[in-house]
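Take a look at the structure below.
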Amino acid sequence: MLQAVPLLDEILALSPKLKLQPVSAVENIVDDIPSYWLEKDQLIKLMQVLKQELAQPFDMCFDITAIDESEREHPSLLSQAFTVSYHLRSYQRNQDIRIKVALNITDKTLESVCSLWPNANWYEREVWDMFGIVFENHPHLTRILMPETWKGHPLLKTHPARATEMDPFTLSPYQQDKEQAALQFNPEAWGMKRQSKDSDFMFLNLGPNHPSVHGAFRIVLQMEGEEIIDCVPDIGYHHRGAEKMGERQSWHSYIPYTDRIDYLGGVMNNFPYVMAVEKLAGITVPDRAKVIRIMTAEMFRILSHLLFYGTFAQDLGALSPIFYMFIDREKLFGIIEAFTGARMHPSWFRIGGVAQDLPKGWEGLVRDYVNYLPKRLDEYEKMVMQNSILKQRTVGIGAYSTQEAIDWGVTGPGLRATGFSWDLRKQRPYGGYDQFDFDVPLGQNGDCYDRCRVRVEEMRQSIRIIEQCLNNMPEGPYKAEHPQTTPPLKDRTMRDIDTLIPHFLNVSWGPVIPAGEVSISVEATKGIMAYHLISDGSTMSYRTRIRTPSFPHLQMLPLISKGQMVADLIATLGSVDYVMADVDR
């Protein structure tokens, strides 16, 4: 909280009538993000100050979410029925800020901030969809993850969390007709408009199972001849309530669910979640566990980027590369399987460290791979990146500027492809990354080609990091010796009852994490992923918020697809490198 006082003074100097109240120490926010309560009628004024009037503005809307406070045993001092939380970022300051607004049950309305941050559009729609909070003057406030016919708002505490809490599913002929009618396409209902009085709608429907879309995803294109005039992404087909599940699973048993968010990211999904729980519990991770985590996370960065590389080339008509790259992935999956016993979804990180130590002979497996992959990447450089057809299809296509990327919440390779050097591992080192030497690859034009180029070079940097892990692996435990680690220590369970009982409770019910709030981010495979956790002093999370990179990335499609041909859109979609489970959660 050291930065909170000067920042508050700076804000109040510009707008002295604002009544910002710092979140008190009693509320136990442990992530060091300056956090303030604000009256709802002052929201827009404050946001204008933060975005437009500060010398170093908070130019990125990182996340917007809400909390149903109705069942809190340790409520915030100023909370009411609901809290809406705005998480903003200033790249110039390298600083975040959290603004909280309390709403009562009879007045669930707030003013939209879409006019300041365009990517707030989908975040506000999601809060309306999940909580029923209305954002006034929103350009198109409709459901985004749930079907239009859905009853209720799933993240309310009163909404069932399991199918067993609901009546058996039935679909009467009347309801079936109603559902079919809701699927009929009405352009105006989707927020589309005619371009002129003399023009009419001409549409092309892509999806929800188009072969070039990497997951169940639908895009409705408005066309003028072969040119795209407008498009509306339709998401939610992969939504399965990942955040709702966080409210019913123990802190430990939720770890496997995190693997299924970016299902190509493996343990990278575990990383921010376990670090957030460790921050709440005050657990210090041993050095050996830190290095093991970084090594395996970078392995999954390579696995994800290799899949992107191959499928991107395939989307553009080059079939051979993906077969070669799948061989490279299989070799690396063999190492992951030797470490964890699993492949794509090992759920291997634990609260306090990792599930087990590295196996005998791991050094040889890893050294063989770090010697093997760079030569393969050199071959792919000629096969893919220097391919004249691929260059014609991607150079100058789907381009956006650094400012546009920040406005729309783009992070990761998509942001660095514009030439903006911002990597969380460098700017805010976490988990031990400050001990490693690597470069941050950059593009120049922010187009399809540069987005691919950045990921290719990131694989080379990941190899550098893995090699440093290999050469400098510390000795010591692979998990913290802390009573709230999972599974907890077992060394004295058969000697005294005072150890046996806590062990039994921690294994069966999970650890009790102190009441508090935290947000932890990592530089994941597709951009910045964050877990915002609220503990109410229980064995389960009170609120689990998952901020994924692919969600804002897809929202940008209407901007970058305008004026393209359909074939260009396919190249653009491939270069974004999204996963629909990462979007829909």
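Taken one residue at a time, the phi angles of segment 35-40 give Karplus couplings (6.51, -1.76, 1.60, θ = phi - 60°) of 10, 9, 8, 9, 5, 4 Hz. Gly and Pro are set to x. Under 5 Å from the amide H of Glu523 lie the amide H atoms of Arg425, each residue being 5 or more positions distant or on a separate chain, with H modelled from the backbone and absent for Pro and chain starts. Within straight-line reach of Lys178, meaning a Cα separation under 12 Å, sit the following aspartates and glutamates at least 8 residues removed in sequence or on another chain: Glu148. For segment 480-541, which trypsin sites (Lys or Arg not before Pro) are in a loop by DSSP, counting at most 10 other Cβ atoms within 10 Å? Answer by residue number: Arg495.
With the charge dipole of segment 4-137 set up from +1 on Lys and Arg Cβ and -1 on Asp and Glu Cβ about the Cα centre, the Cα lying farthest toward the positive end among the listed residues Asn94, Ile64, Ala120 is that of Asn94. Per the Debye formula on identical point scatterers at the alpha carbon atoms of segment 268-365, with no solvent, log10 I(q)/I(0) at q = 0.12, 0.23, 0.24, 0.25 Å⁻¹ is -0.47, -1.15, -1.22, -1.28. With a threshold of 29 Å on the Cα-Cα distance, the over-threshold entries among Lys45/Lys279; Lys279/Lys360; Lys331/Lys360; Lys331/Lys490 are Lys45/Lys279; Lys279/Lys360; Lys331/Lys490.
Once the Cβ-Cβ distance of Glu136 and Trp509 is raised to the sixth power relative to R0 = 41 Å, the FRET efficiency obtained is 0.45. Taking other Cβ atoms within 10 Å as a rough exposure proxy, Met540, Met556, Met166, Met383 sort from fewest to most as Met166, Met383, Met540, Met556. The alpha carbons of segment 248-551 occupy a box of 71, 45, 31 Å along the principal axes, longest dimension given first.
Considering helices alone, the calculated mean residue ellipticity of the chain at 222 nm is -11000 deg cm²/dmol, with DSSP H runs of length four and up weighted by -39500 (n - 2.57) and normalised per residue. Calculate the FRET efficiency for Tyr237 and Glu71 from the Cβ-Cβ distance with a Förster distance of 35 Å, rounded to the nearest 0.05. Result of the calculation: an efficiency of 0.70.
Reported to the nearest whole Å, the Cα centre-to-centre distance from segment 265-293 to segment 88-104 is 24.
Which translational diffusion coefficient, to the nearest whole µm²/s, is obtained for the chain from the Stokes-Einstein equation, given a Kirkwood hydrodynamic radius over C-alpha pairs, 25 °C and 0.890 mPa s? Here the translational diffusion coefficient equals 97 µm²/s. Have a look at Ser304, Val49, Val232 and report the one farthest towards the positive end of the charge dipole of the chain, computed about the Cα centre with Cβ charges (Lys/Arg +1, Asp/Glu -1). Sorting the options by dipole projection puts first Ser304.
Can you tell me the relative contact order of the chain? Whole percent, Cα pairs under 8 Å, sequence separation 6 or more. Each step should come with its number before you reach the end.
Numbers: 1087 pairs, mean separation 100.3, N = 585.
This gives 17 percent for the chain.
Taking a point 7 Å from the Cα of Asn472 along the Cα-to-Cβ direction, the residues of segment 419-435 with backbone N closer than 19 Å to it are 424-435. The Cα atoms of segment 4-137 define a convex hull whose projected area, averaged across directions, is 7.9 nm².
Are there any GluC sites (Glu not before Pro) in segment 442-551 that are in a DSSP loop and have at most 12 other Cβ atoms within 10 Å? List them by number.
Counting only loop positions with at most 12 other Cβ atoms within 10 Å, the GluC sites (Glu not before Pro) in segment 442-551 are Glu475.
Normalising the average separation of contacting C-alpha pairs (under 8 angstrom, six or more residues apart) by the number of residues puts the relative contact order of segment 248-551 at 26 percent. Ordered by the number of other Cβ atoms lying within 10 Å of each residue's own Cβ, fewest first, Met529, Met245 fall into the sequence Met245, Met529.
Are there chymotrypsin sites (Phe, Trp or Tyr not before Pro) in segment 507-552 that DSSP marks as loop and that have at most 16 other Cβ atoms within 10 Å, and which are they? Can you show the working numbers first?
Values: sites: Trp509, Tyr531, Tyr542; in loops: Trp509.
Taking segment 507-552 and a limit of 16 other Cβ atoms within 10 Å, the loop chymotrypsin sites (Phe, Trp or Tyr not before Pro) found are Trp509.
Every number in this text was worked out from the coordinates using simple rules, so none of it is lab data. The shown structure was predicted, so the numbers you read here are calculated from the model rather than taken from an experiment. All Cβ positions, even for glycine, are placed from backbone atoms using ideal geometry, and neighbour counts span all protein chains on display.
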